[in-house]
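The values are calculated or read from the model by the stated rules, or taken from the named source; none is laboratory data. In this text the structure is predicted, and so the values were computed from the model without any measurement. We place every Cβ from the backbone using ideal geometry, glycine too, and count neighbours over all the protein chains shown. These area figures cover heavy atoms from the full protein model, side chains too; ligands, DNA and RNA do not enter into them. Shrake-Rupley method; radii C 1.70, N 1.55, O 1.52, S 1.80 Å.
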Amino acid sequence: MPTYLRPTDQSEALAALAQGKLTVLAGGTDYYPARVGKPLSDDILDISAIAALRGVREEADHWRIGATTTWSELIASALPPLFDGLKLAAREIGGVQIQNAGTIAGNVCNASPAADGVPPLLALDARVEISDAKGSTSIALADFILGNRKTLLRADQLLTAILVPKPAHPARSYFLKLGAREYLVVSIAMVAATLEIDAGLVRSARIAVGSCSPVAQRLPLAEAALAGKPCDSALGGLLHAEHFAALSPIDDVRASGDYRLDAALTLAKRVLSQLGAQT
């Protein structure tokens, strides 16, 4: 019979992972739909009862988002405009029932190219905290996801938090997604951006695109083109197709690769125009 463990302490969970291969589960919103009609034979480690892994809190130089924080909890959290893009993405992740159960770390660890939470987290320059029985470390989210459904996480490790650094200047963010319909759909393309602004100028820009490559990617050429420019509604006009050359979108049942590239450029222009128009 499969094993089912539901510890209430993080150290218990890490000790169990050190003993053998377990499938880590929190909300289960990806795990169970993928197994409809199939017997459940995995040994499960359910981390949803570990209180230390839940919630959002501000620390000296960053915000800490616990791994099992749900999208609904994130939406309800009192956070500065820096997090507006992530909250917009959270509202696009399934329906309310999914948002009530699905977790931020689950979305990251699932490592889908179409994971709605990843582009806004990349645009926040987020890091992931990884823990095992020996201790914890953090690495950039951009280095954590290796490819479609692939991450750096070892079988004896747990992603315990998302860490978002405090920006050097006042910052705001935004997110847009294109799908075949407005809600409850896998994205064709999505764009998130964060702008740090001082004295009316863009001091730092971070732009990330999802569903247009095996891993969501930042756009360093586009970011460089925005640096030092006036922060106004004309920002979107500074972007050009060559800024998106690093992307490698595929043709599939949802869209062609060429359409995805064009959609990403259009979305990015709209995101930046929206951010530039904010006062």
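Here are some notes:
- So S256, is it within 30 Å of W63 (Cα to Cα) and surrounded by fewer than 22 Cβ atoms within 10 Å (Cβ to Cβ): no
- Between K87, K134, K150, the distinction of being under 23 Å from T194 (Cβ atoms) and of a type in the set (K, R) belongs to K87 only.
For (1) open to solvent by less than 30 Å² (accessible area, probe 1.4 Å); (2) free of Cβ contacts under 8 Å to residues at least 40 places away in the same chain, each residue gets a yes or a no:
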| position | (1), (2) |
| --- | --- |
| K134 | no, yes |
| L141 | yes, yes |
| L159 | yes, no |
| H169 | no, yes |
| R172 | no, no |
| D198 | no, yes |
| A208 | yes, no |
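- Yes/no for S273 being in contact with a helix residue (DSSP H, G or I) (Cβ under 8 Å, 6 or more places away or on another chain), open to solvent by 70 Å² or more (accessible area, probe 1.4 Å) and either over 14 Å from A123 (Cβ atoms) or part of a loop (DSSP other than H, G, I, E, B) (or both): no
- Hits in region 205-255 - residues which are β-branched (V, I, T) and modelled with pLDDT of 95 or more: I207, V209, V215
- Taken over region 242-253, the criterion of being without any contact (Cβ under 8 Å) to a residue 12 or more places away in the chain and open to solvent by 60 Å² or more (accessible area, probe 1.4 Å) is satisfied by I250, D251, V253.
- Where a residue in region 228-241 is on the phi > 0 side of the Ramachandran plot and open to solvent by 20 Å² or more (accessible area, probe 1.4 Å) and its partner, wherever it lies, is at pLDDT 95 or above and of a type outside the set (F, W, Y), with Cβ under 8 Å and at least six apart: G228/L201; G228/V202; G228/R203
- Meets criteria (in contact (Cβ under 8 Å) with a residue 60 or more places away in the chain and crowded, with 17+ Cβ neighbours inside 10 Å) for L74: no
- Set R54, R6: member being farther than 27 Å from L122 by Cβ, of a type outside the set (D, E), touching a strand residue (DSSP E or B) at 6+ places or on another chain (Cβ under 9 Å) and open to solvent by 80 Å² or more (accessible area, probe 1.4 Å): R6
- The set of residues from region 144-163 being in a loop (DSSP other than H, G, I, E, B) and within 25 Å of D61 (Cβ to Cβ) comprises L152, L153, Q157.
- Residues located in region 9-34, provided they are under 26 Å from the mean Cα position of the chain (by Cα) and open to solvent by 80 Å² or more (accessible area, probe 1.4 Å): K21, Y32, P33
- Being among the polar types (S, T, N, Q) and within 23 Å of P214 (Cβ to Cβ) is a condition met by no residue of region 69-76.
- In region 213-227, of all residues being touching a residue at least 60 places away in the same chain (Cβ under 8 Å) and part of a loop (DSSP other than H, G, I, E, B), the one that is surrounded by the fewest Cβ atoms within 10 Å (Cβ to Cβ) corresponds to P214.
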